[in-house]
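Notes for the one structure printed next.
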Ligand code: BGC
């Protein structure tokens, strides 16, 4: 590095253009392409932009994260990651910008389709598999958007105001897991501020947490345009500004010359970028543009099949191929298959549900679009009326509803969780002429489903990528048994969403006022009814759970149980394990997902499932000790098919790692009593504490919360005297 001119080193801390890093001829390092991501390769060869406006070269459009997460399949995520790695390599892309692991704090976030879940455990597990898959092909990933970027409204400026424990347990948690387990080659810092500081300039997040605590070894890259002051950003721990702002580079040179910035900071950033991009450059050196187009399309379809969540079914599904059906809704013909914005991929092929339905039944089926997904070309009442007429003549009507690209997008949030009114009106009018309605949904984030009891089935199709249409048709006709489960709760009303009163904030920032109670954590804590709970999804078969055992050793809980396919068809079940502690010294949510496994079973078959839960997964973040703490106590592990269907439960005692805290004048009597060394001097103290009978448990309970200094004050004992005693106890307890 010593022989690289300073100017070249500085240049490498900013991109060459929109999608490329700088070349460093002195180091024999070529330019490297970094591009979106996450669910396909968006390689622009002409005009560039970061909001998905201009064309890119064809690449497989896999299901976006909202779909992939509903698979709950690490294996599927890994395979999709591998395919993405292969395509990136073939197309000369050294770093694929994804995955996004931000928590879905509200269904209104316009970018929820690009994120996995309201729960950090499932998000972290699945994103780890994705990153491992991509990187196994020698291509880098970019874990984004770090951190607390949970809305699109004012995303470039808004201050996410989130307390320390919530930040750690919810908003940093998935990042933590992916970094420590899979070492993504890059982490992308988000646009927003966290607790008053732009993340791009936040030393706590970029250096203390990411590097010092988690051991991140890669490059911190900015989100596109997230840097306001490259000197401050580099100092905080950023390595690469994308795309580069020339004025920022001049600013860095000036700061170096004036002594305001130490050259070692540049050496660190240069070293990180050079090391990571050299690996990427080696991978793409012989990119030939060739990848397995057919094979990846088939993989996209298999993945899409697992993403689909059957929300309701009175037995109308699966359809027999000789049922007379009508298909209504533009989405059946023109799939909504990915989200709007920077992740938009140009698919290699795009298949719809209508064609596949016709192929399954072997003839044309009546179809009416009913509405348009193109707001610029309204279709008017005639289309509505035609659809109702078509629906009236069928035995079963398949009504494809959903959100258009204009309803949800990167860059802005929704203001309602309802489906568009014209679609709801169409559904009402269809129901007036035909009660046999199956609703099929296409949406990137939860929508309200007030019609769910008036229709015979509801199929949640999320956004399913380029092969999602046929996957939906196959589920409707039972060629595929649905097995997806929700990774986000579908609420009854928007007002029920725990973050509702604090979303999306205002010019003073967005207060994460619901704290830990996000998603199912909040609904469960307030015992609120929901339309469909976290983890839920139906199947055409049924599964029974039995024979649970839960044991603990010094490292992990081992949860063993049996799943049996008790229904008529082969199927896949996603079994989930939720943990809670019986008594805690801190606020706890009722239960948290801490393990899951999927099993595929023939009818009548059983399989024993083992889930290991590392003890550190049980930890809470202590804001007193500023560290993860596993509390000693009795934990309950509940197992079943959704967060609200947990037929098995068992308890286990765990020895925790609570750090001993020294007693101070402000420790309470209760805290002091918990320290054995204090209890042993108790007898002598009872006198000085005003003669209180400290061996009377009721009395002790009453005075438990009184600080020692106050007790001393009541009894006329001097604080100095008490302090001496405490010093002695602390010495004895070695704290
Ligand atoms: C998005 C990132 C994306 C980048 C490059 C930004 O606007 O937030 O997710 O990777 O643009 O397109």
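Quick look at the numbers
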read-out: Filter result (away from the ligand (no atom under 13 Å from the Cβ) and out of contact with any helix residue (DSSP H, G or I) (no Cβ under 9 Å at 6 or more places or on another chain)) within region 147-160; value: 153, 154, 157, 158, 159
read-out: Unique match (being surrounded by fewer than 21 Cβ atoms within 10 Å (Cβ to Cβ), more than 25 Å from residue 66 (Cα to Cα) and not assigned by TED's automatic domain parsing to the domain that holds residue 641) among 526, 566; value: 526
read-out: Number of the condition not met by residue 553 [criteria: (1) within 17 Å of residue 637 (Cα to Cα); (2) in contact with a strand residue (DSSP E or B) (Cβ under 8 Å, 6 or more places away or on another chain)]; value: (2)
read-out: Restricting region 178-187 to residues that are without any contact (Cβ under 8 Å) to a residue 60 or more places away in the chain and away from the ligand (no atom under 14 Å from the Cβ), the residue that is nearest to residue 145 (Cα to Cα); value: 179
read-out: Region 44-90, subset at pLDDT below 95 and within 25 Å of the chain's Cα centre (by Cα), residue farthest from residue 352 (Cα to Cα); value: 50
read-out: Residues being out of contact with any strand residue (DSSP E or B) (no Cβ under 7 Å at 6 or more places or on another chain), over 15 Å from residue 190 (Cβ atoms) and outside any helix (DSSP H, G or I) - total across region 111-165; value: 7
read-out: From the options 273, 265, residue that is out of contact with any helix residue (DSSP H, G or I) (no Cβ under 8 Å at 6 or more places or on another chain), in contact (Cβ under 8 Å) with a residue 12 or more places away in the chain, over 25 Å from residue 77 (Cβ atoms) and not in a loop (DSSP other than H, G, I, E, B); value: 273
read-out: Only listed residue being part of a strand (DSSP E or B), surrounded by 17 or more Cβ atoms within 10 Å (Cβ to Cβ) and either in contact with a helix residue (DSSP H, G or I) (Cβ under 7 Å, 6 or more places away or on another chain) or in contact (Cβ under 8 Å) with a residue 60 or more places away in the chain (or both), chosen from 540, 545; value: 545
read-out: Any hit, region 638-658, residues being under 28 Å from the mean Cα position of the chain (by Cα) and within 30 Å of residue 720 (Cα to Cα); value: no
read-out: In region 619-648, the residues that are closer than 18 Å to residue 555 by Cβ and not in a strand (DSSP E or B); value: 619, 630, 631, 632
read-out: All positions within region 483-519 that are in contact with a strand residue (DSSP E or B) (Cβ under 8 Å, 6 or more places away or on another chain) and either outside any loop (DSSP other than H, G, I, E, B) or within 21 Å of residue 587 (Cα to Cα) (or both); value: 490, 502, 509, 510, 511, 512
read-out: Top-ranked residue of region 12-48 - restricted to ones that are part of a helix (DSSP H, G or I) and touching a helix residue (DSSP H, G or I) at 6+ places or on another chain (Cβ under 7 Å), ranked as surrounded by the most Cβ atoms within 10 Å (Cβ to Cβ); value: 27
read-out: Meets criteria (crowded, with 22+ Cβ neighbours inside 10 Å, more than 16 Å from the ligand (Cβ to nearest atom) and either under 30 Å from the mean Cα position of the chain (by Cα) or in contact (Cβ under 8 Å) with a residue 12 or more places away in the chain (or both)) for residue 312; value: no
read-out: Residues of region 584-618 classified as assigned to a loop (DSSP other than H, G, I, E, B) and at pLDDT 95 or above, total; value: 11
read-out: Residue identified as crowded, with 23+ Cβ neighbours inside 10 Å and either without any contact (Cβ under 8 Å) to a residue 60 or more places away in the chain or more than 12 Å from the ligand (Cβ to nearest atom) (or both) among 137, 144, 89; value: 89
read-out: Residue count, region 413-429 (criterion: under 21 Å from residue 156 (Cβ atoms) and surrounded by fewer than 20 Cβ atoms within 10 Å (Cβ to Cβ)); value: 1
read-out: Residue ID - farthest from the chain's Cα centre (by Cα), chosen from residues in region 92-108 that are assigned to a loop (DSSP other than H, G, I, E, B) and away from the ligand (no atom under 13 Å from the Cβ); value: 92
read-out: Check on residue 259, buried (at least 23 other Cβ atoms within 10 Å of the Cβ) and either at pLDDT 95 or above or outside the structural domain of residue 13 (by TED's automatic domain parsing) (or both); value: no
read-out: Close pairs from region 647-662: first within 30 Å of residue 536 (Cβ to Cβ), partner assigned to a loop (DSSP other than H, G, I, E, B), Cβ under 7 Å, at least 6 apart; value: 654/630; 654/632
read-out: Leading residue by the ranking (farthest from residue 176 (Cα to Cα)) among those in region 219-231 that are part of a loop (DSSP other than H, G, I, E, B) and within 16 Å of the ligand (Cβ to nearest atom); value: 228
read-out: Any hit, region 347-362, residues being more than 16 Å from the ligand (Cβ to nearest atom), at positive phi and free of Cβ contacts under 8 Å to residues at least 60 places away in the same chain; value: yes
read-out: Given (1) over 24 Å from the mean Cα position of the chain (by Cα); (2) surrounded by fewer than 18 Cβ atoms within 10 Å (Cβ to Cβ); (3) in contact (Cβ under 8 Å) with a residue 40 or more places away in the chain, index of the condition residue 625 fails; value: (3)
read-out: Qualifying residue in region 387-405 (condition: within 17 Å of residue 339 (Cβ to Cβ) and surrounded by fewer than 20 Cβ atoms within 10 Å (Cβ to Cβ)); value: yes
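Per-residue answers, yes or no, for (1) without any contact (Cβ under 8 Å) to a residue 60 or more places away in the chain; (2) closer than 21 Å to residue 156 by Cα:
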residue	(1), (2)
189	yes, yes
198	yes, yes
208	yes, no
245	no, yes
251	yes, no
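The values are calculated or read from the model by the stated rules, or taken from the named source; none is laboratory data. Computed from a predicted model, the values in this text were never measured in an experiment. Cβ coordinates were reconstructed from backbone atoms using ideal geometry, including for glycine residues, and neighbour counts include every protein chain displayed.
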